[in-house]
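Colleague: My questions all concern the structure below.
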Amino acid sequence: MASLQAVTRWLASAVSVLAIALPAVAQYPSKPIRFVAPIPPGGGPDIIGRLVASKLFEGSGQQVVVENRVGGNGIVAGEFVVRAPADGYTLLLGMDSLLTINPHLYRKMPFDPLKDLTPIASLVSNGFFLALNPQIPAKTLAEFIELAKKAQPPMQYASGGNGSQHHLTMERLKVRAGFEMVHVPYKGGSPATMATVAGEVSAMMSGTSTAAQIRAGKLRAIAYTGRARSSILPDVPTIAEMFPGFEMTQWYAILGPLGMPEPILAQLRAEIAKVLRHPEIVERLKAAGGVEPWITTPAEFTAAIRADFEKNGKLVQDIGIKID
């Protein structure tokens, strides 16, 4: 009898909790949603995040705001989201480097990106331009490589941070082409771009969001890291045209804490896909740097994360990069 009474009390308690939780899920969103960006304002994820935020849950009466938390190649922002309530109101504007590069770079992290974050939806993917300060005399990739090989002391290049895609892509090119450059990490792609424009460094692997600076002559793009030439600067050759098989791309996505309710995940995925298909957003993405919407199913996104994890792990090992 006591056992039956205990079961009855447990069932009553469970039903009570469910009765409280269901309306919260059904009413989602009932307050502003926060996108936590791992880079400063003006960088790629920040720009993309603000575009998506401008249309997400449009008509619900709830805002989606972007909050920048910079540091550790996404670790600071990632840890903040990992420790947030799993209610769908604090989400990460994640970069691929956090999930597929950092675990290979850092001997110890405050959380496991692959285990402690929920992949919600992919957003966009694109490649990098090898961009030079206009004072550097090289006009082609071949001329740049020759210049870099002869430079004493070695030239410097900027990146969005240690272990960022900007960093690994240039290091991969250094190994493939056989030249040396000194890495200067910045806290995000935007500060790295400003440093290259100002001549603090000679070059960088810049996201396609720097197309405006390239067109204005503030940077000179001499190569692109995608499989095919970029639609926004089609005159810029790919690195693969000189080094077959060389391809490096990056992606951004929305991730959340573990334990988010499935109805909220499904709602977020449907709404994000709707935003990425919106004609205005597609045009604004192109204008922001020629990035392409990347809409996937949960299974496709999970498979892409696993594939990039393996690829980048080998690249980090081959290059020999480690961050304590």
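Colleague: Provide the gained length on full extension for the span Lys149 to Ala86, in nm with one decimal, where the gain is 0.36 nm per separating residue minus the Cα-Cα distance.
Modeller: 17.6 nm
Colleague: Let me ask you something else. Just to confirm the filter: which chymotrypsin sites (Phe, Trp or Tyr not before Pro) across region 254-324 are DSSP coil and have at most 14 other Cβ within 10 angstrom of their Cβ?
Modeller: When the chymotrypsin sites (Phe, Trp or Tyr not before Pro) of region 254-324 are filtered for loop state and at most 14 Cβ neighbours within 10 Å, nothing remains.
Colleague: Based on the Cβ-Cβ distance from Ala198 to Ser30, what FRET efficiency comes out when R0 is 51 Å, to the nearest 0.05?
Modeller: 0.65
Colleague: Multiply the residue gap between Glu262 and Ser54 by 0.36 nm, knock off their C-alpha separation, and tell me the result in nm, one decimal place.
Modeller: Full extension of this stretch gives 72.5 nm more.
Colleague: Solvent-accessible area per residue for region 213-324 at a 1.4 Å probe radius, Å²?
Modeller: 51 Å²
Colleague: Any chance you could check the Cα centroid distance between region 303-324 and region 108-186 for me, in angstrom?
Modeller: 15 Å
Colleague: With 14 Å as the cut-off, how large is the P(r) tail for region 113-159, expressed as percent of Cα-Cα pairs?
Modeller: Summing the P(r) tail past 14 Å for region 113-159 gives 67 percent.
Colleague: Could you compute the longest span of the chain free of trypsin sites (Lys or Arg not before Pro) located in DSSP loops and having at most 15 other Cβ atoms within 10 Å, not counting the site residues?
Modeller: Value returned for the longest uninterrupted segment is 228-321.
Colleague: So, one more: Using a simple charge model, +1 on the beta-carbon of Lys and Arg, -1 on the beta-carbon of Asp and Glu, nothing else, what dipole does the chain show about its Cα centre, in debye to the nearest 20?
Modeller: 180 debye
Colleague: With just the Cα atoms of region 190-315, tell me how far they stretch along each of the three principal axes, in Å, largest first.
Modeller: Over region 190-315, Cα extents along the principal axes are 49, 37, 27 Å.
Colleague: So who's got an amide H within less than 5 Å of the one on Ile120, skipping anything under 5 residues away but keeping other chains? H placed 1.01 Å off N, in plane.
Modeller: Those lying under 5 Å, H to H, from Ile120 are Ile254, Leu255, Gly256.
Colleague: In addition: Can you compute the modelled spin-label distance between Ala273 and Ala307, with each label point 7 Å from Cα toward Cβ, in nm?
Modeller: If labels sit at Ala273 and Ala307, their model points lie 1.9 nm apart.
Colleague: Also: Would you work out which of Tyr186, Ile319, Ala198 lies farthest towards the positive end of the dipole of the chain, given +1 charges on the beta-carbon of Lys and Arg and -1 on that of Asp and Glu, about the Cα centre?
Modeller: Value: Ala198.
Colleague: Taking a 1.4 Å probe, which of Asp308, Asp112, Asp96 shows the most accessible area, and what order do the others take after it?
Modeller: Asp112, Asp308, Asp96
Colleague: So, with a 1.4 angstrom probe, what is the percent of accessible area on the chain that is carbon and sulfur?
Modeller: 57 percent
Colleague: For the residue pair Phe243 and Ile319, what label-to-label distance in nm results when each label sits 7 Å from Cα along the Cα-to-beta-carbon direction?
Modeller: 1.1 nm
Colleague: Per 0.36 nm of contour for each residue apart, how much would the distance between Val282 and Glu67 grow if the chain were fully extended, relative to their Cα-Cα spacing?
Modeller: Full extension of this stretch gives 75.1 nm more.
Colleague: Right, something else. Against the 2.2 N^0.38 Å scaling, with N counting residues, where does region 215-278 land? I'd like the Cα-based Rg ratio to two decimal places.
Modeller: Normalised Rg, Cα atoms only: 1.71.
Colleague: Also, I was wondering about something else. Cα convex hull of the chain: mean projected area in nm², to one decimal?
Modeller: With the hull built on Cα positions only, its mean projection is 18.6 nm².
Colleague: What does DSSP give for the chain in terms of the percent of beta bridges that are antiparallel, rounded to the nearest 5?
Modeller: DSSP beta bridges in the chain are roughly 60 percent antiparallel.
Colleague: Let me ask another. If each DSSP helix of 4+ residues adds -39,500 (n - 2.57) and the sum is divided by the residues in the chain, what number results at 222 nm, nearest 500 deg cm²/dmol?
Modeller: Calculated from helices alone, the mean residue ellipticity at 222 nm is -13500 deg cm²/dmol.
Colleague: Taking Lys314 as the anchor, which aspartates and glutamates have their alpha carbon closer than 18 Å to its alpha carbon, excluding any fewer than eight residues away along the same chain?
Modeller: Hits, sequence-local ones excluded: Asp96, Glu171, Glu247.
The values are calculated or read from the model by the stated rules, or taken from the named source; none is laboratory data. The model shown is predicted, which means the values in this text are computed figures rather than measured ones. Note that we place each Cβ from the backbone using ideal geometry, even for glycine, and neighbour counts take in every protein chain shown. Just so you know, the surface numbers come from the protein's heavy atoms only, side chains and all, with ligands and any DNA or RNA stripped out. Shrake-Rupley method; radii C 1.70, N 1.55, O 1.52, S 1.80 Å.
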